Structures are given as structure tokens and as C-alpha cells.
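Throughout, read-outs are computed from the coordinates displayed, never taken from laboratory work. What you see is a predicted model, and the numbers here were worked out from it, not measured in a lab. Glycine gets a Cβ as well: all are built from the backbone with ideal geometry, and neighbour counts include every protein chain shown.
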Amino acid sequence: MLAKKLVTAQKRGETRALCLGLGMVACSMMMYFFIGITIVPFYTKSVWTTETICKVLKANIKDKALCPKSESSEDEDIFHYPCLQVWVNLTASGQEVMLYHTEDTLERNPKCSYVPGNSENSKEVKARIEKIANNFKKYQTFPCYYDPGGMQTNVILSRLYPPKGLLFTFLWPTLMFTGGCLIIVLVKISQYVSVLSARQ
């Protein structure tokens, strides 16, 4: 009687473990799919792939720029902010080019090197942009990224999805997939051992 209860409990445990393993594998596949349709396209689309050294030539704050909070915004929804323009000397080619914060900055406003968030306070934005401009004047040499193919003549300060960041993004679904497969294999081994023990 006790042996039957133990066997039943073992089978239930194996079933639950198998469901857990299958669930982990399924979740990891969904995560891979989500990463593949969201992050990977942005990574492959970026042409600023080569790191070099940039030296600041000038960092000026121009008149206020206009940034709509959405593509269909009305005039009253326009977000105003100081337009910071940073020009650097590209060590790799010796050219004078404009620096942007990230790839997204160039798409949002190609006239400014930095674009703040729409929901930020105007006074805080002004103070932050002035601080950024002072930092560029203080630290004039720093790493930046440029397009080795020459399609883009400008440079960016940091990539939205660098190779290390992309690998780190794939790390968690990979660990989940590996853990799920390991659980499934252990359950199958346990079931095989149980069958062999029952035949003896």
C-alpha cells in the first residue's frame, strides 16, 4: 500500500516537473521570438558599428527646438527644449562631424545632439542640457561610434543595443531554455530508471 502511494507521488512529481520543464522551454521560445522582432532589427539596422576617438570642437546651445509629444500632436502639445549641438573631430578620418547621443536621437531631431524625454520638466531639461554641454567642454576626448561604410557622416556617443547588451539580452532566455531541457532530461531518466526497476 505504501509502495503504491510512493509510486503515485513520484509519478505526480515527475508530471509536474515535466510540465515545468516544458513551460520553461515554451517561455524561452516566446522570449527569443520577442527579442527577434523588437531588439534584433534595431541592432542590425544600426550602421554606427566601429568605435573610435572623438575630440570636441564646439558645443553650443542654440535656440529652443520643437518636439511633438506624438506624431499627431496639436500645437499645444509641442515640447520645447534647448537645442544642444556638438561638433567633433573624428579621429578615424579627421572630419568635422556632428555628434548625436544615440541612433534614436538622429531620428527624433537631426538638428540637435541630445533630445530629452517629452514628459520631463522644462527647467530640469534646461539644467541637464547645460550640464551636458559643460561636460563636453570639460571632457573633450571620448570614445564614439561611426559608420565605416560612409553611409552616415555623423557619429553617436553610445549605441542603443551594443553587442554586449544584445548578448546579455539573449542570456536569460538561453538559461531558461537550458534549465527547461535539463529538467525534461532528468524526468525522462527518472522514468526510465523506474521502468527498469519495475521489471526486475
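Seen from V88, the other residues with C-beta closer than 10 Å to its C-beta sum to a net charge of +1, counting Lys and Arg as +1 and Asp and Glu as -1. Amide H to amide H distances under 5 Å link A92 with I53, where only residues 5 or more positions off or on other chains count and H is placed in the peptide plane.
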